[in-house]
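Right, one structure below, let's go through it.
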Amino acid sequence: MSDYKLLIDGKLVDGASTMEVVNPATEQVLAICPRGSEQQMDQAVKAAKAAFPAWSRRKVEERRAMLMTLADRIEARQEELARLLTEEQGKPIAEATAEIIYSGAFIRSMASLDLQVKTLEDNETRRVEVHRLPLGVVGAIIPWNFPVLLLTFKVPAALIAGNTVVIKPAPTTPLTSLRLGEIMAEIFPPGVVNIVTDQNDLGAYLTQHPDVAKISFTGSSATGKKVMAAAASTLKRITLELGGNDAAIVLPGADPETVAPGIFGGAFMNAGQVCLAIKRAYVHESIYDQVVDRLAALANAAVVDSGLHQGTTIGPLQNRMQYEKIKDYLEVARKDGRIVAGGEVEDRPGYFIRPTIVADIDDTSRLVAEEQFGPVLPVVKYADPEDALKRANASPWGLGGSVWGSDRQKAREIALQMETGTAWINKHLDFGPNIPFGGAKQSGLGVELAEEGLAEFTQVHVINEAL
Ligand code: NAD
């Protein structure tokens, strides 16, 4: 038996079986968690389908009020939810608290949006209006790096537009979402929101389910391609937020003292497990050594420890698979470059790896060419900014990128040519619910957040009347 429950058709229920959730800072079992079955996923989809007609016809103000209540209740339980998030995900408590606070803010912001009817023509011969209809049942599939925040990228937008939802959390971080499920059960009518956990085996089932109208997926590019293929069977709508290999380009003339902390923060937040983290830095040869030295000093000063400990700046990797993957990248770093800070695995239980700065490495190394998704940053030297841009763009991914320097015009010129969903200037990782977020190339399909993201939870419905 578990203290946690699935949410199906308004009821908090046990899973068909159970699974263990591990605390990545201790490698001890944190909780026994319910594990859903295909039959329970069917029940959830059926409940969401049954709830859709009444929910979609409800006044938008009523749907909004419920979402605002959800934000209130999450904020009221901020401390407890943040602690649980740190325990299951690993991130420092300050980052977990920020995630919970942002989640409340994202819910409020998305719930405040309204898709107005647009009148295209109104003349002697015809009146043409564009309405937006909800789609039906939305499957929301979430990864393990921001289990709560990424849920709020999807669920409020789906609900305010009039859809109903089945949420499938990541297998290694389901607990905070299940606590949110308890809160949601008190607010929403039965079936409007459902949460079913799995052991990496129900995502595929949900994506091919004939009664699901849309899949909103965040995760790796490899899984995203499977989602796209599965969605084809019933022409489901899909939004895919996938992997990235964000480049930061540091221009000649940039001040290493100000640039290095910005790059460090953009690369090592959440132990580097951020889709939009800086995953490779291209630094001009004139300031290369200073920037590398500064980054190394910041890495050496980082406090790597349990996220619950006061003062920790970098927690453990989230799960064993990711930990093993990053250990492999440390080998690559040793072979292909020069490790100037970090490089070691901490000799203690938990998936701890010190922030690692790798100099004298080039684009042919796997550490530069692939998405490492961990605390290992390659710093590549370049001579010509146009060449750095070409190398930044020579990637199958295109999530984000940034340009750093004091010459604003040159920085803008480079940013405008980055083949990415977002290009920042003198910062990285700045986003918000009013800013559309999506990836170019193999980093995704469609966008989330803002009005553009909300529109993706709807179908265009044209009313064209003869006058
Ligand atoms: P993942 O693709 O392994 O898993 C993501 C989710 O998909 C999990 O809930 C998983 O259970 C589920 N899943 C597994 N197989 C599935 C299938 N066949 N069909 C449908 N769903 C399936 O990704 P992950 O390892 O949890 O997350 C890390 C990746 O996510 C990184 O590549 C990262 O860049 C990316 N990410 C992207 C964004 C973004 O917004 N672009 C945000 C966070 C993470």
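Rule-based calculations on the coordinates, nothing more; no lab input. Everything numeric here is computed off the predicted structure, so don't read it as measured data. As a convention, Cβ positions derive from the backbone with ideal geometry for all residues, glycine included, and neighbour counts pool all protein chains shown.
Things worth noting here:
- The chain: relative contact order in percent, alpha carbon pairs under 8 Å with at least 6 residues between: 19
- Loop GluC sites (Glu not before Pro), region 192-296 (other Cβ atoms within 10 Å of the site Cβ: 16 or fewer; DSSP): Glu285
- Region 329-363 and region 395-464 have Cα centres lying 30 Å from one another.
- Charge dipole of the chain about the Cα centre (unit charges at C-beta), most positive-ward option of Tyr282, Ile183, Ile425: Ile183
- Using only alpha-carbon positions in region 112-253, the gyration tensor eigenvalues give semi-axes of 29, 23, 17 Å once each is multiplied by 5 and square-rooted (largest first).
- Straight-line cross-link partners of Lys5 among the lysines, defined as a Cα under 16 Å from its Cα and at least 8 positions apart when in the same chain: Lys168.
- Sequence-separation-based contact order of region 246-432, relative, with Cα cut under 8 Å and 6+ spacing, percent: 29
- Extents of the chain, taken as max minus min of Cα coordinates on every principal axis and listed largest first, are 67, 65, 39 Å.
- Shown here are the Rg and Dmax of the Cα trace of region 421-460, at 11.3, 38 Å.
- Histogram of C-alpha separations across region 303-398, 10 Å bin width, %: 15, 43, 29, 12, 1
- Computed extension length for Ile425-Lys335: 29.2 nm, one decimal, from 0.36 nm per residue of separation with the Cα-Cα distance subtracted.
- Computed extension length for Gln78-Arg366: 99.7 nm, one decimal, from 0.36 nm per residue of separation with the Cα-Cα distance subtracted.
- Residues Phe188, Phe431, ranked from the fewest to the most other C-beta atoms within 10 Å, line up as Phe431, Phe188.
- Förster radius 41 Å - calculated FRET efficiency between Gln116 and Asp289, Cβ distance, rounded to 0.05: 0.15
- Those lysines that a straight Cα-Cα span of less than 19 Å connects to Lys410, excepting residues fewer than 8 apart in one chain: Lys381, Lys390, Lys427
- Exposure rule at most 16 other beta-carbon atoms within 10 Å, DSSP loop trypsin sites (Lys or Arg not before Pro): the chain longest free segment: 78-426
- Taking the Cα centre of the chain as origin and assigning +1 to Lys and Arg Cβ atoms and -1 to Asp and Glu Cβ atoms, the resulting dipole is close to 920 debye.
- Projecting the Cα atoms of Ile326, Val340, Leu295 onto the dipole axis of region 277-352, where Lys and Arg carry +1 and Asp and Glu carry -1 at the beta carbon, places Ile326 farthest toward the positive end.
- Distance in nm between pseudo-label sites at Ala466 and Arg348 (7 Å out along the Cβ direction from Cα): 7.8
- Taking only the Cα atoms of region 157-224, the ratio Rg/Rh comes out at 0.95, with Rh defined as the Kirkwood radius.
- Orientation-averaged projected area, Cα convex hull of region 175-305 (nm²): 11.9
- Across region 366-467, the mean sequence separation of Cα contacts (distance under 8 Å, 6 or more residues apart), normalised by length, yields a relative contact order of 20 percent.
- The chain: calculated mean residue ellipticity at 222 nm from DSSP helix runs of at least 4, using -39500 (n - 2.57): -12000 deg cm²/dmol
- Panel order for Ser103, Ser17, by other beta carbons found within 10 Å of each beta carbon, from fewest to most: Ser17, Ser103.
- Karplus-derived HN-Hα couplings along region 61-73 (A = 6.51, B = -1.76, C = 1.60, θ = phi - 60°), whole Hz, x at Gly and Pro: 5, 6, 5, 4, 4, 5, 5, 5, 5, 4, 4, 4, 6
- Compactness of region 246-432, expressed as Rg and Dmax over alpha-carbon positions, Å: 15.4, 49
- Going from the fewest other Cβ atoms within 10 Å to the most, the residues Thr218, Thr258 appear in the order Thr258, Thr218.
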